[in-house]
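As C-alpha cells, the structure follows; a few thoughts come after it.
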C-alpha cells in the first residue's frame, strides 16, 4: 500500500511539474501576469500598429519562442502586451453605477410625480446625479478594463519560465 501511494505521488508530481512552462510579465509590486498554454495573448509585434490575439499552443524556453496556431513569435519581437485582467471588475462596477443611476432617476421621477414641489430643482439635481453615475460607469469601463504594457521600456520584463523537473 505504501508503495502504491508513493508511486501515485511521484506520477502526480511528475505530470504537474512537466506542465510548468509559462510566460511571465514582470510588472513590479507583486502584480505579475502569467500566461499558460491555452490562454489568449494580446500582443503587438515590432513594425505593426495593431494588436494580435492568438491562443498560446506551446512555449520553447531555449529559443524564447511562443507558438500560436498562425505561427511563432520570439520574445524580443513583442513590443507591447494588452491585459484584460481588470475586465470583470470594471464590468461589475459599470453595471452597479448604471443601476444606481437608473434607480435615482426612477425615485426622482416618483418624487416629482407625487409631491410636485420644486420640480426644477429635483429634476436638475436628479439629472446631475444620474448623468454622473452613467458617465462614471462609462469611464471606468473605458479606461480601467484594459491595460497596455509597453515592453520597449525597462519598466516591464517578459520572460518564458521553465520549472520542469528533469
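The values are calculated or read from the model by the stated rules, or taken from the named source; none is laboratory data. Since the structure is predicted, the reported quantities are computational estimates derived from the model, not experimental observations. Every residue, glycine as well, gets a Cβ built from its backbone with ideal geometry; the counts of neighbours run over all protein chains shown.
Some values worked out for this structure:
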read-out: Flag if residue 122 is free of Cβ contacts under 8 Å to residues at least 24 places away in the same chain, over 21 Å from residue 34 (Cα atoms) and surrounded by 13 or more Cβ atoms within 10 Å (Cβ to Cβ); value: yes
read-out: Cβ pairs under 6 Å, 6+ apart, first in segment 126-142 and assigned to a helix (DSSP H, G or I), second surrounded by fewer than 19 Cβ atoms within 10 Å (Cβ to Cβ) and modelled with pLDDT of 90 or more; value: 129/104; 130/104; 130/105; 133/100; 137/98; 140/93
read-out: Filtered residue count, segment 145-163, keeping only those that are exposed (fewer than 15 other Cβ atoms within 10 Å of the Cβ) and out of contact with any strand residue (DSSP E or B) (no Cβ under 6 Å at 6 or more places or on another chain); value: 4
